[in-house]
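What follows is a single structure, written as structure tokens, with notes after it.
The values are calculated or read from the model by the stated rules, or taken from the named source; none is laboratory data. Quantities reported herein were computed from a predicted structural model and do not represent experimental measurements. Using ideal geometry, Cβ is built from the backbone for each residue, glycine included, and neighbour counts are taken over all protein chains shown. Just the protein is used for accessible areas: all its heavy atoms, side chains included, with ligands, DNA and RNA removed. Shrake-Rupley method; radii C 1.70, N 1.55, O 1.52, S 1.80 Å.
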Amino acid sequence: MDTERMNIKNILLVEDDPQDVQLTLSGLKENHLANKVEVVRDGAEALDYLYRRGKFKTRANGQPVVVMLDLKMPKVGGLEVLRQIKADDQLKMIPVVIFSSSRETPDLIECYRDGANAYVVKPVDFHEFIQVVKQLGLFWAIVNEPPPYIGKEEIEISSDEMILLPEKEVKDGIPSPHFALGG
């Protein structure tokens, strides 16, 4: 694998339960992704991280390749974080995976309606939990090809700039998909 490309990919884990944080980090560590995870404990911290403000004001440029977001959190709930991410032109391309213990149909509907890229219910069983996290980490941090500027620290895009794709990647005004596994 291209280790240089892997080095610029990071995950933002937004989780207030310390046990779930440890389990998630353990699952990611098995795939050598644990050193690429930024953990924040509530929705307000998640927004501060994404907007590079407060204690994250001096963090490196670039955005995570995926946000793993719990729904039920203090200060700012996961649903509000999702809405703010998807309403912001500079953040809306970041994939957001809801990683919650809620199986409630209204939560599922609202999250997908508000732009969630995936909704994963946290398994109760320890081994299942680890397996699910490993699969999530592998897909979002290695297999999935993020938008061109996400996770790349050297590139910042302001709201008045455009991303120009090479001509061969655009047909009839529609960008060609990028497939991580050939194609």
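Of the whole protein surface, D48 contributes about 50 Å² of accessible area at a 1.4 Å probe radius.
Note on region 31-95: the C-alpha convex hull projects to 4.7 nm² when averaged across all orientations. Surface exposure of region 62-147, expressed per residue as accessible area with a 1.4 Å probe, stands at 46 Å².
Within the accessible surface of region 71-143, defined with a 1.4 Å probe on protein heavy atoms only, the carbon and sulfur portion equals 55 percent. Computed over neighbours whose Cβ is under 12 Å from that of G137, the net charge equals +3, Lys and Arg +1, Asp and Glu -1. For region 19-62, the convex hull spanned by the alpha carbon atoms encloses 76 Å³ per residue. The length gained on full extension between S101 and D17, counted as 0.36 nm times the residue separation minus their Cα-Cα distance, comes to 29.1 nm. Rg of the Cα atoms in region 27-152, relative to 2.2 N^0.38 Å, amounts to 1.02. Under 13 Å from a point 7 Å along the Cα-to-Cβ line of S26: which residues of region 118-141 have their amide N that close? Residues 124-134 qualify, since their backbone N sits under 13 Å from the label point. Structural descriptor for region 35-135: relative contact order 22 percent, calculated from alpha carbon pairs under 8 angstrom and at least 6 residues apart.
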